[in-house]
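Structure first, then comments.
The values are calculated or read from the model by the stated rules, or taken from the named source; none is laboratory data. Only a predicted model underlies this, so the values are computations on that prediction, with no experimental measurement involved. Here Cβ is always computed from backbone atoms with ideal geometry, including for glycine, and neighbour counts include all displayed protein chains.
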Amino acid sequence: MSLTRRGLIAASVGTTMMPALPRLSRAQAANTIRIGVLNDQSGAYRDISGPYGVECTRQAVAEFGNKGFNIEVITADHQNKPDVGVNIARQWYDQGVDMILDVPTSSVGLAVNNVAREKNKAYINTGSATSDLTGAQCSPNTVHWMYDTYMLAKSTGGAMVKAGGDSWFFITADYAFGHALERDTTTFVRAAGGRVAGSVKYPFPATSDFSSFLVQAQASRAKVIGLANAGADTINSIKQAAEFGVTRRGVKLAALLMFLPDVHALGLQTAQGLVLTESFYWDLNDRTRAVSERLRPRLKDVRPNMASIANYSATLHYLKAIADMGVAASKTSGVEVINRMKAIPCDDDAFGAGRIREDGRKLCPSYLFEVKSPAESKGAWDYYKLLQTTPAEEAFRPMNEGGCSLVRS
Amino acid sequence: MAADTTSITASALPDPAQEAGGAWGFTRAQLGALGVLIVFLAVAPFMLYPVFLMKLLCFALFACAFNLLIGYVGLLSFGHAAYFGMGGYLAGHAAKVWGLTPELAIIVGAVTAGLLGTIAGWIAIRRQGIYFAMITLALAQMVYFFCVQAPFTGGEDGIQAIPRGSLFGVIPLDQDMTMYWLVAGIFLGAFLLIHRIIHSPYGQVLKSIRENEPRATSLGYRTDDYKLLAFILSATIAGTAGATKSIVFGIATLTDVHWSMSGEVVLMTLVGGLGTVFGPVIGAAVIVTMQNYLAEMGAWVTVIQGVIFVTCVLAFRRGLVGEIAAMLKVKL
């Protein structure tokens, strides 16, 4: 009698564990490079990379072709939960994944950084904004491929002043990330000869009505309203600014963390006149148009933005380094793979020629864009006009200011 | 706390262990299930990924702590993430900044959660039903906003790179297996503690409060004192779970104090079976396994989770374990 009961309980426990088994039995091939794309496929950052980032990675693998070893791409959704992300990362690395890619959301991005270091594997972050990845928490196993808060602040703050927006007012989310964005941007605005007319902090994450802050910002007569926030808050402030007709009165709205899919979602009617920074725009030059065209069958109606196409660029460079050093050698040490990546120059259609710095920072130019008005736009996804370019070597935080332990002073 | 009356009532009640032929307060079926659980704990790390198992155990413990309150006192706390998360933050801070050994860090986390639970419980137990749930939610949101702002939590980034350190300063925990045995030990210890609480004379009074509070008051029990103590115990155990989790993963982040975590623990307990000893463990196992192994299916994770929840609520009102127990006519 008790046997059947135990059996039943054991069976119920066993059933919940079933999905675990096939993963463990998968054989690990010595001549296969496995890339794990870990990102948000169901939450707030899905449209920025998510499934599109995965497709960009696959495109890079397809373009790289067969150089004598197999390449496998696996993906997972970290659901923006650090513990889920860490768990998957550990499991992947332990079960033979050679490199983890993407990882948006700073808390998850930094957590995976520690796992990669502990396991001595390669890690390329293209999705997080935290500049700590190449600063206080930099690691010899990590390359930070795309944007960070410093680069966004420098381009939007500094280049904007050069483009004529010399007085600023900030609407800031009242938490560490918002403060950091406002502080950094203020520094660049002042350094470029602009002035900050004032700022207002709003409670985070409980604010959805930005009207009083927008009115306050307008009353300051500043030429630029800086939105030191992210995600839904940025979208809400832009929508409400459009309702108030802020931009029609000649005031520029500068979003400090914003991507092409966000503009697409808002529509040009609402987003027109918005100023933002990206490192990639599909219609920037012949090479970016070419790569976007090649990606078309995979992305369907969507155009890549800097976060999703960074996966393409990073994968291509990573595979070059692997081909250069050999699969067997690459399996023994993640640090060596990253060192090889730093040693060979980068060049691809998405970001052009570039290099990776000692502290793990990939260098590429940043562009200050203004969103077109519906009248200026000639077709689908024709959204940006270029205002200013910050060259690659100047776009990011100088190495000696980051406090990275890898930098020899 | 009315100790005399307690013991009298307890002896007057039939001993559940004797009536079912079990031992140590367990019925025979529970003993069997406990045996399976212990065997599982011993064998599982050799078959499954140990870090995943550790996460599972931390959440199972969290769900058990929550179940102590809702299953046995009938209080629906909708703010348990606050104790889970703060336990994690404080343990992480203690291990990383103060350099404490892991066992001390976990104790710091548990005690913090307990203190927080004392304050929150003292306020919340004055009301019942939906008002109780709302007060606990409101207090938990205050804790969340505190964590967003406080400098030591690292805001969005959380506390990163918390060292696992060495147990008692001598046994290094860097190996996943060593860490696993510690977590399994903590889990089993706390699980048995909860069982002991439920089956103590004190636990009997809690159940009587759940069934009929005015009658318990009329019998001379100060029900507020009993409820407060249950709340503190539950918060402390939740804090222990959170603290252990942050030591295992080396991170403590806002996810753990967010209200959705409070919702998740309700989900785990409901799926497993409210008011059963083993239900929360199974519920946590189901939810954590889904989050982990369905992660490859991308956006479908949340959809599948929703479908399973709806199915459970519609088809297995008593939860998985509750239904099995009802089918076999035993207590689990």
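Quick one: which strands (runs of 3 or more DSSP E) sit completely within the stretch A:319-372 and have at least 1 residues that are more than 20 Å from residue A:65 (Cβ to Cβ)? Qualifying strands (runs of 3 or more DSSP E): A:352-354, A:366-371.
A quick yes/no check of all residues on (1) farther than 20 Å from residue B:198 by Cβ; (2) touching a residue at least 40 places away in the same chain (Cβ under 8 Å); (3) part of a helix (DSSP H, G or I); (4) not hydrophobic (A, V, I, L, M, F, W, C):
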site	(1), (2), (3), (4)
B:36	no, no, yes, no
B:40	yes, no, yes, no
B:52	yes, yes, yes, no
B:57	no, yes, yes, no
B:61	no, yes, yes, no
B:68	no, yes, yes, no
B:75	no, yes, no, no
B:85	yes, yes, yes, yes
B:95	yes, yes, yes, no
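If you go through the stretch B:131-153 one residue at a time, do you hit one that is buried (at least 24 other Cβ atoms within 10 Å of the Cβ), assigned to a helix (DSSP H, G or I) and in contact with a strand residue (DSSP E or B) (Cβ under 9 Å, 6 or more places away or on another chain)? Yes - at least one qualifying residue is present in the stretch B:131-153. Considering the stretch A:34-70, and only residues there that are part of a strand (DSSP E or B) and surrounded by fewer than 22 Cβ atoms within 10 Å (Cβ to Cβ), the residue that is nearest to the other protein chains (Cβ to nearest Cβ) turns out to be A:34. Evaluating residue A:87 against the criteria (1) more than 8 Å from chain B (Cβ to nearest Cβ); (2) part of a helix (DSSP H, G or I); (3) surrounded by 24 or more Cβ atoms within 10 Å (Cβ to Cβ) leaves one unmet condition, (1). Sub-7 Å Cβ pairs linking a first residue in the stretch A:174-192 that is within 9 Å of another protein chain (Cβ to nearest Cβ) and closer than 20 Å to residue A:206 by Cβ to a second residue that is charged (D, E, K, R) and not in a helix (DSSP H, G or I), at least 6 apart or interchain, are A:174/A:201, ordered by first then second residue.
Could we say that residue B:240 is hydroxyl-bearing (Ser, Thr, Tyr), under 24 Å from residue B:116 (Cα atoms) and within 14 Å of another protein chain (Cβ to nearest Cβ) here? It would help to see each step written out before you state the result.
Values: hydroxyl-bearing (Ser, Thr, Tyr): yes; under 24 Å from residue B:116 (Cα atoms): yes; within 14 Å of another protein chain (Cβ to nearest Cβ): no.
So residue B:240 does not fit the description; no.
Quickly run through the stretch A:226-255 and pick out the residues that are hydroxyl-bearing (Ser, Thr, Tyr) and touching a residue at least 40 places away in the same chain (Cβ under 8 Å).
If we filter the stretch A:226-255 for residues that are hydroxyl-bearing (Ser, Thr, Tyr), which is where we start, we get A:234, A:237, A:247.
Of everything in the stretch A:226-255, just one residue is hydroxyl-bearing (Ser, Thr, Tyr) and touching a residue at least 40 places away in the same chain (Cβ under 8 Å), namely A:237.
Can you tell me which residue among A:336, A:376, A:370, A:293 is under 24 Å from residue A:143 (Cα atoms) and among the acidic types (Asp, Glu)? Reasoning before the result, please.
Numbers: A:376 fails: under 24 Å from residue A:143 (Cα atoms); A:370 fails: under 24 Å from residue A:143 (Cα atoms); A:293 fails: under 24 Å from residue A:143 (Cα atoms).
Sole residue among the options that is under 24 Å from residue A:143 (Cα atoms) and among the acidic types (Asp, Glu): A:336.
Restricting B:88, B:32 to residues that are closer than 21 Å to residue B:282 by Cα, within 14 Å of chain A (Cβ to nearest Cβ) and crowded, with 19+ Cβ neighbours inside 10 Å narrows the list to B:32. Looking at residue B:247, is it within 14 Å of chain A (Cβ to nearest Cβ), part of a loop (DSSP other than H, G, I, E, B) and among the β-branched types (Val, Ile, Thr)? So residue B:247 fails the test.
Anything in the stretch B:108-130 that is surrounded by fewer than 20 Cβ atoms within 10 Å (Cβ to Cβ) and either touching a residue at least 40 places away in the same chain (Cβ under 8 Å) or over 27 Å from residue B:189 (Cα atoms) (or both)? List them, or say none.
Looking only at the stretch B:108-130, we keep the residues that are surrounded by fewer than 20 Cβ atoms within 10 Å (Cβ to Cβ), and these are B:111, B:115, B:118-119, B:122-123, B:126-130.
Result: B:111, B:118, B:122, B:123, B:126, B:127, B:128, B:129, B:130.
Can you find a residue that is surrounded by fewer than 18 Cβ atoms within 10 Å (Cβ to Cβ), outside any helix (DSSP H, G or I), in contact with a strand residue (DSSP E or B) (Cβ under 6 Å, 6 or more places away or on another chain) and of a type outside the set (A, V, I, L, M) anywhere in the stretch B:169-188? Yes, the stretch B:169-188 has at least one match.
This table checks each residue for (1) buried (at least 20 other Cβ atoms within 10 Å of the Cβ); (2) among the basic types (Lys, Arg); (3) assigned by TED's automatic domain parsing to the domain that holds residue A:115; (4) modelled with pLDDT of 90 or more.
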position: A:141; (1), (2), (3), (4): yes, no, yes, yes
position: A:154; (1), (2), (3), (4): yes, yes, no, yes
position: A:162; (1), (2), (3), (4): no, yes, no, no
position: A:169; (1), (2), (3), (4): yes, no, no, yes
position: A:185; (1), (2), (3), (4): yes, no, no, yes
position: A:200; (1), (2), (3), (4): no, no, no, yes
position: A:205; (1), (2), (3), (4): no, no, no, no
position: A:216; (1), (2), (3), (4): no, no, no, yes
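Please determine whether any residue of the stretch A:94-102 is touching a strand residue (DSSP E or B) at 6+ places or on another chain (Cβ under 8 Å) and within 12 Å of chain B (Cβ to nearest Cβ). Scanning the stretch A:94-102, I find no residue that is touching a strand residue (DSSP E or B) at 6+ places or on another chain (Cβ under 8 Å) and within 12 Å of chain B (Cβ to nearest Cβ), so the answer is no. Every condition in (1) over 23 Å from residue A:38 (Cβ atoms); (2) surrounded by fewer than 18 Cβ atoms within 10 Å (Cβ to Cβ); (3) more than 8 Å from chain A (Cβ to nearest Cβ) is met by residue B:325 except one, and the failing one is (2).
Give me a count of the residues in the stretch B:284-320 that are of a type in the set (A, V, I, L, M) and more than 8 Å from chain A (Cβ to nearest Cβ). Steps first, answer last, please.
So in the stretch B:284-320, the residues of a type in the set (A, V, I, L, M) come out as B:284-288, B:290, B:294-295, B:297, B:299, B:301, B:303-304, B:307-308, B:310, B:313-315, B:320.
Right, trim to more than 8 Å from chain A (Cβ to nearest Cβ) and you get B:284, B:287-288, B:290, B:303-304, B:307-308, B:310, B:313-315.
Looking only at that region, the number is 12.
Among the residues of the stretch A:187-196, just one is buried (at least 19 other Cβ atoms within 10 Å of the Cβ) and among the small types (Gly, Ala, Ser), namely A:194.
Within the stretch A:278-318, track down each residue that is in a helix (DSSP H, G or I), in contact (Cβ under 8 Å) with a residue 24 or more places away in the chain and among the charged types (D, E, K, R). Break it down into steps so the answer makes sense when it comes.
Step one: filter the stretch A:278-318 for residues in a helix (DSSP H, G or I), giving A:286-299, A:306-318.
Subsequent filtering for residues that are in contact (Cβ under 8 Å) with a residue 24 or more places away in the chain retains A:287-288, A:290-291, A:294-295, A:298-299, A:306-318.
Matches in the stretch A:278-318: A:287, A:294, A:298.
Being of a type in the set (Gly, Ala, Ser), touching a residue at least 40 places away in the same chain (Cβ under 8 Å) and touching a helix residue (DSSP H, G or I) at 6+ places or on another chain (Cβ under 9 Å) is true of residue A:135.
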